[in-house]
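Step one of this worksheet: look at the structure below.
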Amino acid sequence: MRDLPQPTFALAELRMPPRRLMPTRQAVLPIVPDSIPAPAPVPQAAMTAAWATTPQHVEQAQRLRHQVFVGEMGARLNNIPGTPPGLDRDIFDAHCEHLLVRSSTGDVIGTYRVMTPTAARRMGGWYSETEFDFTRLRHHTATMAELGRSCVHPDHRNGGVIMTLWAALGDFMRRNQLDTMVGCASISMRDGGHVAASVWEQLRQTHLAPIEHHVQPRLALPVDELNKRLQVETPALIKGYLRCGAKVLGPPAWDPDFNTADLPMMLRLCDLPSRYQRHFMGAATA
C-alpha cells in the first residue's frame, strides 16, 4: 500500500475478463491507523457510514476515487467506454457494494468497494486474479470478501475516516457470515523496485502465510534482479495490517499502470487481536 493516497483490498475464481480491461491496481486490505483511535479533523461522531443504494451514490464514490488515483497518484485508468469525465469506473463496479463515509456536510470523504462471493460468481471472478493466481485460496471463496478501491479525501487522513470504514466493514462481514478479507498492499516503485523487493525479502521471513495459501503473481516483480537487501522500514500501513494478523500470500506483482509492487495479503477475522475486535467489529451501519 501507499502511505496515502492509495487504493486498497481485491480477488477471483471462474472465468476472468481480459487483464487490460481495467487497471491492475487495487490495494485491498483496509488501511489501519498506527494508533487506535487516531485524532481526526472531523470528529468521528460527525461522520456517517452507509452503503450506496443509488447510481448517484456510486458516482460520488467514483468521483472521489478519480480525484485520488488520477489527480494525486497520476494513475492511468482504463475506464469502461462511456464513463463521464472525472470518474473512476471499471467493469467490476456494477457487481460490488460501495461503502461511503460522509462528513456532517454530506460530502463523501472516504470509500471502499466490496465484492462478495455471490457477486464474484455473477461476475465470473474476482478483481485480484488479474494480478495473481488464487487457485490455492478457492476453499476460502465461499466466505471471503474482496476489498478494494479504498481511498480517503486528502483533508481527512488522520485516522477517523478509516476507523469509520473499518467498523462498517466489520459489521458487513459479520452480518453476511464472511470471515476472510483479501487484498493487495502496494509499494511505490519510484526507486526502480529495490525498496519493494527488500520489504518482500523481510516479510517472507516473518509474516508469510502457510504454503497452502500461497499465490503467484501473473506479472512478477523481478526481485532476483533487484537489490533486496536494503535495510528499509516496512511501510506503516503494511505494519498496521500485520498488527491485525494479516499474512503475506506470496511475492509481489508489478502494476505498471500505478507503478507499484503489489503484495497479496489476507486477513482472517479469527486472527484479529482482541483489541482490534473491540474497535472494528462492534459497530453497525446503514
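The values are calculated or read from the model by the stated rules, or taken from the named source; none is laboratory data. Not measured: the values here are computed from a predicted model. Glycine gets a Cβ as well: all are built from the backbone with ideal geometry, and neighbour counts include every protein chain shown.
Candidates in the stretch 113-129 are the residues that are more than 27 Å from residue 261 (Cβ to Cβ) and either β-branched (Val, Ile, Thr) or in contact with a Cys (Cβ under 9 Å, 6 or more places away or on another chain) (or both); of these, the one that is surrounded by the fewest Cβ atoms within 10 Å (Cβ to Cβ) is 118. Only one entry in 229, 157 is surrounded by fewer than 16 Cβ atoms within 10 Å (Cβ to Cβ), at negative phi and not small (Gly, Ala, Ser), namely 229. For the stretch 245-264, a tally of residues being assigned to a strand (DSSP E or B) and closer than 21 Å to residue 194 by Cβ returns 9. Out of (1) modelled with pLDDT of 90 or more; (2) within 30 Å of residue 105 (Cα to Cα); (3) in a helix (DSSP H, G or I), the odd one out for residue 146 is which? Every condition holds for residue 146 apart from (3). Of 264, 273, 256, 222, all but one fail to be in contact with a Gly (Cβ under 8 Å, 6 or more places away or on another chain) and either farther than 30 Å from residue 160 by Cβ or of a type in the set (Ser, Thr, Tyr) (or both); the exception is 222. Scanning the stretch 118-171 for residues that are among the charged types (D, E, K, R) and touching a strand residue (DSSP E or B) at 6+ places or on another chain (Cβ under 8 Å) gives 131, 133, 146, 149, 155. Step by step: first the residues of the stretch 62-81, then only those that are outside any helix (DSSP H, G or I) and under 23 Å from residue 119 (Cα atoms), then the one that is nearest to the chain's Cα centre (by Cα). Which residue is that? The residue in question is 77.
Taking the stretch 149-171 as the range and being assigned to a helix (DSSP H, G or I) and of a type in the set (Val, Ile, Thr) as the test, the residues that pass are 161, 162, 164. How many residues, within the stretch 67-101, are under 23 Å from residue 145 (Cα atoms) and in contact (Cβ under 8 Å) with a residue 12 or more places away in the chain? Counting residues in the stretch 67-101 that are under 23 Å from residue 145 (Cα atoms) and in contact (Cβ under 8 Å) with a residue 12 or more places away in the chain gives 14. When the residues of the stretch 172-194 are filtered to those that are out of contact with any strand residue (DSSP E or B) (no Cβ under 9 Å at 6 or more places or on another chain) and assigned to a helix (DSSP H, G or I), the one that is surrounded by the fewest Cβ atoms within 10 Å (Cβ to Cβ) is 175. Checked against the criterion of being under 23 Å from residue 74 (Cα atoms), in contact (Cβ under 8 Å) with a residue 24 or more places away in the chain and in contact with a strand residue (DSSP E or B) (Cβ under 9 Å, 6 or more places away or on another chain), the stretch 196-211 contains one or more residues that satisfy it. Go through the stretch 63-73 and give me each residue that's surrounded by fewer than 23 Cβ atoms within 10 Å (Cβ to Cβ) and farther than 18 Å from residue 103 by Cβ. Listed by number, the residues that qualify are 66, 70, 71, 72, 73. A single member of 271, 224, 257 is surrounded by fewer than 20 Cβ atoms within 10 Å (Cβ to Cβ), within 27 Å of residue 74 (Cβ to Cβ) and out of contact with any helix residue (DSSP H, G or I) (no Cβ under 7 Å at 6 or more places or on another chain), and it is 257. Restricting the stretch 86-105 to residues that are under 17 Å from residue 165 (Cβ atoms) and assigned to a loop (DSSP other than H, G, I, E, B), the residue that is farthest from the chain's Cα centre (by Cα) is 104.
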